[in-house]
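Student: Before I ask anything, let me first share the structure, which is written out below as structure tokens.
The numbers here are math on the coordinates, done by the rules we state, and not lab data. Just so it is clear, the structure is predicted and the values come from calculations on it, not from any experiment. Ideal geometry is used to build each Cβ from the backbone, glycine not excepted, and the neighbour counts take in all protein chains shown.
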Amino acid sequence: MAALGTPERSRAHGVGPEVAAVTGRIARRGAAIGLGALWWWAVARLVWSPDAGVLEGAVAAGGWGLSVLPVHCTPKSRAEGALAAGRWRRAWQAGRDGA
């Protein structure tokens, strides 16, 4: 089955790509809100509930771990000031040949 917002799904259901894109956007936002609510529930249970356990701790730690992922990274080829591929290899070869 095709994912929400994909051209295959929009053709299968007879809707245009604009409708499929909006549907996919709504689904992603809904998932983000739902997972955020689940994370806050786990954190609240850890803070205020004496019987909070491993499940709440795992959800809270997992959500925090996802928050520290570098999700706004730029591909190296487009990054400002990025070093070219093979730079270190050329430096090692130059050092070896010069010595």
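Student: Say R0 is 35 Å: what FRET efficiency, to the nearest 0.05, do Glu18 and Ser67 get from their beta-carbon distance?
Tutor: 0.65
Student: Further question: How much FRET efficiency would the formula 1/(1 + (r/R0)^6) give for Arg28 and Leu55, where r is the Cβ-Cβ distance and R0 is 22 Å, rounded to 0.05?
Tutor: 0.30
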